[in-house]
1. In segment 1-24, what count of residues is obtained for those that are surrounded by fewer than 16 Cβ atoms within 10 Å (Cβ to Cβ), modelled with pLDDT of 90 or more and hydrophobic (A, V, I, L, M, F, W, C)?
2. Report the residue count in segment 56-91 for those that are within 28 Å of Gly115 (Cβ to Cβ) and among the aliphatic types (A, V, I, L, M).
3. Which is aliphatic (A, V, I, L, M), touching a residue at least 40 places away in the same chain (Cβ under 8 Å) and surrounded by fewer than 21 Cβ atoms within 10 Å (Cβ to Cβ), of Leu62, Leu113, Leu105?
4. Among the candidates Gly64, Gly34, single out the residue that is within 19 Å of the chain's Cα centre (by Cα), in a loop (DSSP other than H, G, I, E, B), farther than 23 Å from Thr157 by Cβ and not β-branched (Val, Ile, Thr).
5. Among the residues that make up segment 93-102, is at least one of them touching a helix residue (DSSP H, G or I) at 6+ places or on another chain (Cβ under 9 Å) and charged (D, E, K, R)?
6. Does segment 153-161 include one or more residues that are aliphatic (A, V, I, L, M) and farther than 24 Å from Arg59 by Cβ?
Amino acid sequence: MKNNWKDIEFFSHLSLPCAQAVDNCAWQVSYRAGDAVIWGDDACRALYFVQSGAVEVYRTALDGREHTLGVIFPGQGFNLVPVLRKDTKNPANVRCIQDASLLALGREDVQRLMGRYPELAIALAQELASRLEMMTRKAGALALESVRQRLAAFLITEAEKGKAGHGIYWTQDDMARQIGTVRDVVGRNLRELQAQGVLRREKGNIVLLDRKRLQQIAQGVDTT
């Protein structure tokens, strides 16, 4: 194989002939942190999978505010929706938040190979289902949970990613974009959590002191 698919989750489920056909159509692209990968409303050209680094999928409001739809880490893919639907416009913007290496598959190649290899269609359907599940959870959290709950859940998730070696330094603006609020509200909630002994902020880092309490907050069962 000319490309390295070792860490791409969906690829491991393909038979050798299918995997070889996919590999023959793929190409690698590299970006620096801050670079744009795709712009929303542009014509979809490709499906992407992250080999290394991380990218952020986001939308921008008319007033310039941004909301993060998801962060894509190595092994995961993005931009599958416009590859599959008739409307070929990209539904969101994507930019690199770390130096990133991506594997790309052209839209027409994906559709052609899905018709030839049903196993590829199934693997990509499962990939799409996992992204849909993530977006469903995110939409539910925005509609049903308080900012305090969403922030607590975010801090727990990021702590787990840090232990797994996927930690990213987030500013308060970044956190606000991810949990659907504004910087001032994030800052106020962080100060409250620190005053309650749940966390400590030091030199730009957040140290979780009472994980059990933070979990209760995230689940909405905190009594305070």
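The values are calculated or read from the model by the stated rules, or taken from the named source; none is laboratory data. Remember, predicted model here, so these are calculated numbers, not experimental data. Don't worry about glycine lacking a Cβ; one is built from the backbone with ideal geometry, like all the others, and counts go over all protein chains shown.
1. Result for segment 1-24: 1.
2. 6
3. Numbers: Leu62 fails: touching a residue at least 40 places away in the same chain (Cβ under 8 Å); Leu105 fails: surrounded by fewer than 21 Cβ atoms within 10 Å (Cβ to Cβ).
Residue meeting the stated conditions: Leu113.
4. Working: Gly64 fails: within 19 Å of the chain's Cα centre (by Cα).
Only one candidate passes the filter, namely Gly34.
5. Just the residues of segment 93-102 that are touching a helix residue (DSSP H, G or I) at 6+ places or on another chain (Cβ under 9 Å), to begin with: 97.
Those still in the list that are charged (D, E, K, R) too: none.
For segment 93-102, residues touching a helix residue (DSSP H, G or I) at 6+ places or on another chain (Cβ under 9 Å) and charged (D, E, K, R): absent.
6. Kept after step one, since they are aliphatic (A, V, I, L, M), are these residues of segment 153-161: 153, 155-156, 159.
Now narrow it down to the ones that are farther than 24 Å from Arg59 by Cβ: 156, 159.
Yes - at least one qualifying residue is present in segment 153-161.
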